[in-house]
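*Asks:* My questions will all concern the structure given below.
The values are calculated or read from the model by the stated rules, or taken from the named source; none is laboratory data. Computed from a predicted structure; not experimentally measured. Ideal geometry is used to build each Cβ from the backbone, glycine not excepted, and the neighbour counts take in all protein chains shown.
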Amino acid sequence: MQKSAQYIALSLLLLGLLFVCYIAARSYWDERKDYVRTRSTDMSKHPERTGIPGLGEISFAAPGGPSIAAWYAPPSTTRAAIVLVHGVDAERSSLLFETRVLAQAGFGVLALDLPGQGASGGKTEWGVPERRAISAAVTWLTHRPGIDPNRIGAFGLSMGAYVLAQAAAVDKRISAVALAASPNDVVEFNWLATGRWGLLSQYPTYWALRAAGTPVDMLPKDIVGEIAPRPLLIVQGDQDGLVPEWMARQLYVAAREPKDLYIVRGAHHADYSSVAPLEYRTRLTDFYLRTLTRGE
């Protein structure tokens, strides 16, 4: 009887250890997926299918060597252009709605594949390579005919907004910035997203992002104020389960004027174009028309 009880206790202990190992390993590898290349979609390879006049495939070099792939269409009725920066598990075609509506509003549009994603070279780190790629996109635009170098804005979604906040803080050539569903702190963001099993899932997630080389400095909540005096628009869904609304409000408080906060009612993470397409389109295009075309 005693041996049977010991056997049951040992079995339960082993099952518990296996469960702990499973949760830790799964949490680690789930986070590592954010750094794995998302392959280009068929739409991404065929910009002519988007229906955006003049949209074509381009590439340019970023500091450090990687070739950055992108879509580009020149401006039609303005002398301004927007750089569009996608989030995780995505590439340029994930921002087709934003690319289309901004092109229809007369802006030049450059939607890039971040390093290590889509058709771009390099490695995903959600830090230095991404900041360099965004600045390289701005440099490329400054040499395009029909674009005023002082009228270049940028839009970032989710982790794309996270790295755009960093790039805009140091690259003063970005004249207007829109951050949609932006984490305010990459560690806090992942801490919240993986909190189901507490430290058992949170620590492996942290180890994964550190192993990938993601820096934990230049957090948007600390540097967003450096975007001023350039205009800033913060976009957030009030039902977002990944980036809570309070993160957007924290960024808004930390930012300096001129700034605007747009809460999309009923929207979850990055689904603004399906929840409130007309309102979202209007708020986005009006922001850039007001900030980049004044005086034209």
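Matching residues to (1) among the acidic types (Asp, Glu); (2) more than 20 Å from the chain's Cα centre (by Cα); (3) crowded, with 17+ Cβ neighbours inside 10 Å; (4) on the phi > 0 side of the Ramachandran plot:
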| position | (1), (2), (3), (4) |
| --- | --- |
| Gly54 | no, yes, no, yes |
| Ala80 | no, yes, yes, no |
| Ala90 | no, no, yes, no |
| Leu96 | no, no, yes, no |
| Phe107 | no, yes, yes, no |
| Pro129 | no, no, yes, no |
| Val138 | no, no, yes, no |
| Phe155 | no, no, yes, no |
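*Asks:* Sort through Asp217, Asp222 and tell me the only one that's assigned to a helix (DSSP H, G or I) and more than 23 Å from Leu102 (Cα to Cα). Outline the logic, then answer.
*Replies:* On the way: Asp217 fails: assigned to a helix (DSSP H, G or I).
Asp222 is the lone residue from the list that is assigned to a helix (DSSP H, G or I) and more than 23 Å from Leu102 (Cα to Cα).
*Asks:* Suppose we filter segment 270-296 for residues that are at pLDDT below 95 and either within 19 Å of Ser94 (Cβ to Cβ) or touching a strand residue (DSSP E or B) at 6+ places or on another chain (Cβ under 9 Å) (or both); how many remain?
*Replies:* 1
*Asks:* If a residue must be outside any strand (DSSP E or B) and either crowded, with 17+ Cβ neighbours inside 10 Å or in contact with a Lys or Arg (Cβ under 7 Å, 6 or more places away or on another chain) (or both), how many such residues does segment 254-267 contain? It would help to see each step written out before you state the result.
*Replies:* Within segment 254-267, the first condition is being outside any strand (DSSP E or B), and the residues that meet it are 254-258, 265-267.
Imposing the further condition that a residue be either crowded, with 17+ Cβ neighbours inside 10 Å or in contact with a Lys or Arg (Cβ under 7 Å, 6 or more places away or on another chain) (or both) reduces the set to 254-255, 267.
Of the residues in that region, 3 qualify.
*Asks:* While we're here: Test Arg196 against the criterion of being surrounded by fewer than 24 Cβ atoms within 10 Å (Cβ to Cβ) and at pLDDT below 95, and give yes or no. Break it down stepwise before answering.
*Replies:* Values: surrounded by fewer than 24 Cβ atoms within 10 Å (Cβ to Cβ): yes; at pLDDT below 95: yes.
Criteria met by Arg196.
*Asks:* Something else about it: Being out of contact with any Leu (no Cβ under 9 Å at 6 or more places or on another chain) and either assigned to a loop (DSSP other than H, G, I, E, B) or of a type in the set (A, V, I, L, M) (or both) is the filter here; which residues of segment 33-50 pass it?
*Replies:* Once the filter is applied, which keeps residues that are out of contact with any Leu (no Cβ under 9 Å at 6 or more places or on another chain) and either assigned to a loop (DSSP other than H, G, I, E, B) or of a type in the set (A, V, I, L, M) (or both), segment 33-50 yields Val36, Arg37, Thr38, Arg39, Ser40, Thr41, His46.
*Asks:* Kindly evaluate Ser76 against the criterion of being of a type in the set (Ser, Thr, Tyr), surrounded by fewer than 24 Cβ atoms within 10 Å (Cβ to Cβ), under 18 Å from the mean Cα position of the chain (by Cα) and at negative phi. Give the derivation first.
*Replies:* Working: of a type in the set (Ser, Thr, Tyr): yes; surrounded by fewer than 24 Cβ atoms within 10 Å (Cβ to Cβ): yes; under 18 Å from the mean Cα position of the chain (by Cα): no; at negative phi: yes.
No, not satisfied.
*Asks:* Going by what's in this entry, would Leu18 be described as at pLDDT below 70 and surrounded by fewer than 15 Cβ atoms within 10 Å (Cβ to Cβ)?
*Replies:* Values: at pLDDT below 70: no; surrounded by fewer than 15 Cβ atoms within 10 Å (Cβ to Cβ): yes.
In short, no.
*Asks:* Hey, among Pro53, Pro47, Pro115, which residue is free of Cβ contacts under 8 Å to residues at least 60 places away in the same chain, in contact with a Phe, Trp or Tyr (Cβ under 6 Å, 6 or more places away or on another chain), of a type outside the set (Ser, Thr, Tyr) and farther than 17 Å from Thr142 by Cβ? Break it down into steps so the answer makes sense when it comes.
*Replies:* On the way: Pro53 fails: in contact with a Phe, Trp or Tyr (Cβ under 6 Å, 6 or more places away or on another chain); Pro115 fails: in contact with a Phe, Trp or Tyr (Cβ under 6 Å, 6 or more places away or on another chain).
Every option except Pro47 fails the conditions.
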